[in-house]
Amino acid sequence: MADLERPKIKVGFIPIIDCAAIVLAEELGAYERQGLEVEIRREVSWANVRDKLALGVLDASHILAPLPLALTLGIDSVSVPMINAMTLEVNGNALTLSQSLWREMEDVAPQFVGAQLANERAPLDARAVAAVVAKRAASGAPPLVLASVFPYSVQNYMLRLWLSSGGLDPDRDVRLTVVPPPHTVAYLSGGVIDGYCVGEPWNQQSEALGIGRIALTGPDIWKGMPEKVLGTTEAWAERHPNTLKALIKALIEACLWLDEPTNRAEAARILSSPRYLNTPAEVMSRTLDLPGFHVFQRDAANFPWRSHADWFLAQMVRWKQAPTDIDITATADRVYRTDLYRAAAREMNVACPDVDRLPPGGHGEPLVPAGDDKSSIAAAAGVVRGSH
């Protein structure tokens, strides 16, 4: 197909720290250096991003790592072939629970919250929540309501894995719901939900306001979990290969800048702007300054590993979001475009892996257990490190 280039493009983002590359590429002039005129657009929800990409209102966007896979498979409400051209960050998520839920856990399961009380960075044992669930069920009280940001998200899978590590069935024992990232703090404050799993800074914001407490972080489940990616439709990528390559190169430049520790304070200041995350810079710095918690480029963080896609697709099957007969390998190969990233990285003199996949467990990810016993996940994968 002819290369019908359109250097003026619209790129979306949701206000979370892992949108940083989208924002900093503009602030640092990286788009302009690649010959692009980019309008970055703040969006309100992942459903909004999905729909605008599908309709062509956005040319590309910061998007949840599993979502292009779901859209390509046609298992979401929108069906459109999508690609992941690069990963924008690994790590950066956390699970926050309300202060009232913490009081319930301390009352009914003090033996399981002790480690967290003694060391605030220790992951909370999910059996503490399981004890509250059992007490509520016995008394006829309403179930706990826990939120992630979208059904096809690392946050949803992270939350499910953690609940399973405490012997809970996420589809039966609690009520799972979806809340857009910028609304999570308000929903927790208003008592609409009892907790949420989301990217920063919304966990740090709840703690700063005294509304909630962080129970565990993404690295407690999988150190190096891919978070957001650069998504676009397969059709747009085919029509505009040079524009897409230039966009990838601009974002690689921003990611390299973001991984320099001396730049984190400036990144926090820029991201705190009302135009972007509209959150105090000191809250942003609390999470950006955590060693290894936000990784934007180093250790091949930008590489769209097809083995990451394999894991996400296995989760979709595991939680009955996708049929068991999907072709995981073919879907991963179609959506996670290692070839496009390698071509751009080569022009940036940035090293990237020579292989597209690591064997199962090669990224340190929890293995997906066989069978239908959801409670077996903890034993099979050692999900929450140090909690048992």
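The values are calculated or read from the model by the stated rules, or taken from the named source; none is laboratory data. Just so you know, these numbers come straight off a predicted model, no measurement behind them. Every residue, glycine among them, receives a Cβ derived from its backbone with ideal geometry; neighbour counts consider all protein chains shown. Calculation scope for accessible area: heavy atoms of the full protein, side chains included, ligands and nucleic acids excluded. Shrake-Rupley method; radii C 1.70, N 1.55, O 1.52, S 1.80 Å.
For region 163-190, a tally of residues being touching a residue at least 12 places away in the same chain (Cβ under 8 Å) and within 20 Å of Ser206 (Cα to Cα) returns 12.
Of the residues making up region 191-227, just one is in a helix (DSSP H, G or I) and free of Cβ contacts under 8 Å to residues at least 60 places away in the same chain, namely Leu209. Taken over region 115-128, the residue count meeting the criterion of being at pLDDT below 75 and outside any loop (DSSP other than H, G, I, E, B) is 4. Being of a type in the set (Phe, Trp, Tyr) and outside any loop (DSSP other than H, G, I, E, B), is that true of even one residue in region 335-347? So far as region 335-347 goes, yes, one or more of its residues are of a type in the set (Phe, Trp, Tyr) and outside any loop (DSSP other than H, G, I, E, B).
Condition check for Gly224 on (1) within 30 Å of Pro360 (Cα to Cα); (2) open to solvent by 10 Å² or more (accessible area, probe 1.4 Å); (3) out of contact with any His (no Cβ under 8 Å at 6 or more places or on another chain): one failure, at (3).
Based on this model, can you work out whether Gly195 counts as under 16 Å from Leu64 (Cβ atoms) and buried (at least 23 other Cβ atoms within 10 Å of the Cβ)? No.
For the condition among the small types (Gly, Ala, Ser) and within 27 Å of Pro201 (Cβ to Cβ), what is the one hit in Gly29, Gly56, Gly74? Show your work before the answer.
Working: Gly56 fails: within 27 Å of Pro201 (Cβ to Cβ); Gly74 fails: within 27 Å of Pro201 (Cβ to Cβ).
Checking each option against the conditions leaves just Gly29.
Can we say Arg136 is open to solvent by 10 Å² or more (accessible area, probe 1.4 Å), at pLDDT 95 or above and over 27 Å from Glu227 (Cα atoms)?
Numbers: open to solvent by 10 Å² or more (accessible area, probe 1.4 Å): yes; at pLDDT 95 or above: yes; over 27 Å from Glu227 (Cα atoms): yes.
When the stated conditions are applied, Arg136 passes them.
Of the residues making up region 68-90, at least one is of a type in the set (A, V, I, L, M, F, W, C), outside any helix (DSSP H, G or I), modelled with pLDDT of 95 or more and under 30 Å from Leu209 (Cα atoms).
Kindly establish whether Ala268 is hydrophobic (A, V, I, L, M, F, W, C), touching a strand residue (DSSP E or B) at 6+ places or on another chain (Cβ under 6 Å) and modelled with pLDDT of 95 or more. Even if it seems obvious, please write down each step before you answer.
Working: hydrophobic (A, V, I, L, M, F, W, C): yes; touching a strand residue (DSSP E or B) at 6+ places or on another chain (Cβ under 6 Å): no; modelled with pLDDT of 95 or more: yes.
For Ala268, the condition - hydrophobic (A, V, I, L, M, F, W, C), touching a strand residue (DSSP E or B) at 6+ places or on another chain (Cβ under 6 Å) and modelled with pLDDT of 95 or more - is not met.
Would you be able to say whether some residue in region 180-189 is open to solvent by less than 20 Å² (accessible area, probe 1.4 Å), of a type in the set (Phe, Trp, Tyr) and modelled with pLDDT of 95 or more?
Taking region 180-189 first, the residues open to solvent by less than 20 Å² (accessible area, probe 1.4 Å) are 181, 184-185, 188.
Next, only the ones that are of a type in the set (Phe, Trp, Tyr) stay: none.
Checking region 180-189: not a single residue is open to solvent by less than 20 Å² (accessible area, probe 1.4 Å), of a type in the set (Phe, Trp, Tyr) and modelled with pLDDT of 95 or more.
When Leu64 is tested against the conditions (1) touching a strand residue (DSSP E or B) at 6+ places or on another chain (Cβ under 6 Å); (2) within 20 Å of Ile252 (Cα to Cα); (3) crowded, with 17+ Cβ neighbours inside 10 Å, the lone failure is (1). Selection of region 20-61 for residues being surrounded by fewer than 22 Cβ atoms within 10 Å (Cβ to Cβ) and basic (Lys, Arg) yields Arg33, Arg41, Arg42, Lys52.
In region 270-300, the qualifying residues are those that are open to solvent by less than 10 Å² (accessible area, probe 1.4 Å) and either in contact with a Gly (Cβ under 7 Å, 6 or more places away or on another chain) or in a loop (DSSP other than H, G, I, E, B) (or both), and the one that is farthest from Trp202 (Cα to Cα) is Phe296.
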